[in-house]
Structure formats: C-alpha cells, structure tokens
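S.K.: Pasting a structure here, questions to come.
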Amino acid sequence: MSEDCLNQHLRKTLARGRVAVTRPAGCERIALYLFDPAVLEGPLSHDEAQAVVAEPAYWSFCWASGQVLANWILDNPLWVKGKRVLDFGSGSGIVAVAAAMAGARDVIACDIDPAALEAVHANAELNGVSVGLCSDWADRPRDLDVVTAADVLYDPDNRPLLQVFRQAAPRVLLADSRMKVLGDHAYCKQTVIEARTWPDLNEFEEFNQVRIYVAGTTSGETEAGKKDWKK
Ligand SMILES: C[S@@+](CC[C@H](N)C(=O)[O-])C[C@H]1O[C@@H](n2cnc3c(N)ncnc32)[C@H](O)[C@@H]1O
C-alpha cells in the first residue's frame, strides 16, 4: 500500500517512475523506498526532464549528507539516545529513522513536501520504528532536545535557519556538502566523510564530501571519544 502511494506520487512527474527497496551504500543498515533507476532504459525525454526538474521528488533519492549523518548517528547513538529529536528537511526520512533506531525517545520528521512525509512514514515502517510527522517548522513541538538536518542548505532561504535551529534546541546535528563555509561559528566540524547521492546522480565530486557539524551541548560524546576517555 505504502509502495503504491509512493509510486503514484512519482508518476505525477515521471509516468514510468517507481520506487524499489534499496539500502544506500553510505548507510546500508537502513532500507528505503527510493527511485528505481532500472526504469530509465533510455534518456529522459525533454518533457519528462522538464517535469522532473519543475517538481523534484527529493524524497525519492537519499542524499549524501543524509546517508552520512544517519550512519554517524547509528555509530554514535549517545547524541540522540533518550532525546526528543526533530529532523528538518527529512526527505526519505533516513536521518529520522536512524535517530529512532539509535534510541531517541521521540522522533519527528519535518518536511514541506507532503509526499516526503508519506515516504518517511513508509520508510519508518519498513525499518520497524515509529516517527512522527510535521509539515511545517512553525508547527514543531517546542520541547526539542536535538534538531538534525542533512542537505537542506542548497536552498538559500534555509540558510538563516542555522541560527533558528540553535534557538529551537540545545543541540543541533548538521550534515552538509554544499557550503564550504557555514558562516556560523557556533557549528563545530566533527568529521568529513565521502558518500554519493543514492541512486547516484553523478553530482560534482565536491558535493560528495560531507561535513558533519555539532552546535550546542556536546555531552553526547562519540563512541570513539568515549573509548579514548575511558583509557
Ligand atoms: C535534498 S533533500 C534532503 C533529504 C534528506 N535530509 C537527505 O539527506 O536525504 C531536502 C529536503 O528538505 C525539504 N525542505 C526544504 N526546505 C524545507 C523547509 N523550509 N521546511 C521543511 N522541509 C524543507 C525538501 O522538501 C526535501 O525533502
């Protein structure tokens, strides 16, 4: 049923579009309904390309930053464990699903695209976790512990949100490969990890270098850091 709904959404812009269950190479522990590239036997026609560009189904791809942040959260669950987490610009929901799998108390996925929220719901079910949905940042719950966001700064209108996220929660976990300089010194770079959007969109190499930042409280030490501290 979920799969049928997602196929219907895709077919609004690409008549031969369909989803398939996929494990993105950058975070194979999570299964997702994503665009099935097998349907593209030939190049997109002009009309198909125009329709896809006019209304991109972001949720049907898993972006490099989402894979990297999800994998990092699964490796370092203390950043979210027991916390109320909101994932902004959730798309497929990979980061929200990772937070739930890592033991967050409550996870809310926020996306302006109603089809993305359906994808998050389907993908949470696929991975056996529960994720709440929110269609507008303005309607978010007020008692958040952590905001996560992966690959949302491509839209210049979202860049002022870096400060807004910090005001909304004591901790922000951000992954981005688009902006070399964030311009907000409260965000501390943790690591840089290579990944590719899945299915692969053959983006410029520079967009495959994902930087993870943390702003705010940093008591959720990484597993590696915790081991060092115990030595
Ligand atoms: C490039 S996709 C990234 C999806 C996912 N985080 C990932 O890394 O795979 C960006 C997503 O952010 C959502 N988005 C963009 N601006 C938004 C806004 N102002 N409020 C909520 N969602 C937004 C889009 O609808 C899209 O699903």
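S.K.: Count, please, the residues in the stretch 179-212 that happen to be in a loop (DSSP other than H, G, I, E, B), under 14 Å from the mean Cα position of the chain (by Cα) and of a type outside the set (A, V, I, L, M, F, W, C). Steps first, please.
M.R.: Of the residues in the stretch 179-212, the ones in a loop (DSSP other than H, G, I, E, B) are 179-187, 195-197, 199-204.
Within this subset, residues satisfying the condition of being under 14 Å from the mean Cα position of the chain (by Cα) are 195-197.
Narrowing the set further to residues that are of a type outside the set (A, V, I, L, M, F, W, C) leaves 196-197.
So the answer is 2.
S.K.: Look through the stretch 192-211, keep the residues that are among the aliphatic types (A, V, I, L, M) and open to solvent by 70 Å² or more (accessible area, probe 1.4 Å), and return whichever of them is nearest to residue 59 (Cα to Cα). Give the steps one after another, and end with the answer.
M.R.: Going through the stretch 192-211, the residues among the aliphatic types (A, V, I, L, M) turn out to be 192-193, 195, 201, 210.
Applying the additional criterion that residues be open to solvent by 70 Å² or more (accessible area, probe 1.4 Å) yields 192, 201.
Numbers: 192: 23, 201: 14 Å.
Filtering first and then ranking leaves 201.
S.K.: Any idea how many residues of the stretch 1-32 are free of Cβ contacts under 8 Å to residues at least 24 places away in the same chain, touching a helix residue (DSSP H, G or I) at 6+ places or on another chain (Cβ under 6 Å) and not in a loop (DSSP other than H, G, I, E, B)?
M.R.: 0
S.K.: Can you tell me which residue in the stretch 138-157 is nearest to the chain's Cα centre (by Cα), limited to those that are more than 9 Å from the ligand (Cβ to nearest atom) and touching a residue at least 40 places away in the same chain (Cβ under 8 Å)?
M.R.: Within the stretch 138-157, the first condition is being more than 9 Å from the ligand (Cβ to nearest atom), and the residues that meet it are 138-147, 153, 156.
Adding the requirement that they be touching a residue at least 40 places away in the same chain (Cβ under 8 Å) leaves 140-141, 143-147.
Details: 140: 17, 141: 19, 143: 21, 144: 18, 145: 18, 146: 14, 147: 12 Å.
Going through the qualifying residues, I end up with 147.
S.K.: Okay, next question. Would you mind finding the one in 96, 109, 38, 119 that is surrounded by fewer than 24 Cβ atoms within 10 Å (Cβ to Cβ) and outside any loop (DSSP other than H, G, I, E, B)?
M.R.: Numbers: 96 fails: surrounded by fewer than 24 Cβ atoms within 10 Å (Cβ to Cβ); 109 fails: surrounded by fewer than 24 Cβ atoms within 10 Å (Cβ to Cβ); 119 fails: surrounded by fewer than 24 Cβ atoms within 10 Å (Cβ to Cβ).
Matching residue, one of 96, 109, 38, 119: 38.
S.K.: Taking the stretch 47-79 only, how many residues are more than 10 Å from the ligand (Cβ to nearest atom), open to solvent by less than 20 Å² (accessible area, probe 1.4 Å) and within 22 Å of residue 122 (Cα to Cα)? Working first, answer last.
M.R.: So in the stretch 47-79, the residues more than 10 Å from the ligand (Cβ to nearest atom) come out as 47-55, 71-79.
From what is left, the residues that are open to solvent by less than 20 Å² (accessible area, probe 1.4 Å) are 73, 76, 79.
Right, trim to within 22 Å of residue 122 (Cα to Cα) and you get 73.
Residues in the stretch 47-79 being more than 10 Å from the ligand (Cβ to nearest atom), open to solvent by less than 20 Å² (accessible area, probe 1.4 Å) and within 22 Å of residue 122 (Cα to Cα): 1 in total.
S.K.: Please go through the stretch 119-133 and give me each residue that is in contact with a strand residue (DSSP E or B) (Cβ under 9 Å, 6 or more places away or on another chain) and more than 9 Å from the ligand (Cβ to nearest atom), ordered by number.
M.R.: Going residue by residue through the stretch 119-133, those that are in contact with a strand residue (DSSP E or B) (Cβ under 9 Å, 6 or more places away or on another chain) are 119-124, 126-127, 129-133.
Passing the criteria: 120, 121, 122, 123, 124, 126, 127, 129, 130, 131, 132, 133.
Rundown of residues vs (1) of a type in the set (Phe, Trp, Tyr); (2) under 11 Å from the mean Cα position of the chain (by Cα); (3) closer than 22 Å to residue 202 by Cα, yes/no style:
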| position | (1), (2), (3) |
| --- | --- |
| 24 | no, no, yes |
| 41 | no, no, yes |
| 46 | no, no, yes |
| 54 | no, no, yes |
| 63 | yes, yes, yes |
| 70 | no, yes, yes |
| 79 | yes, no, no |
| 113 | no, no, no |
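The values are calculated or read from the model by the stated rules, or taken from the named source; none is laboratory data. As the structure is a computational prediction, the values presented were derived from the model and not from experiment. Backbone-built Cβ (ideal geometry, glycine too); neighbour counts: all protein chains shown. With ligands, DNA and RNA removed, areas are computed over all heavy atoms of the protein, side chains included. Shrake-Rupley method; radii C 1.70, N 1.55, O 1.52, S 1.80 Å.
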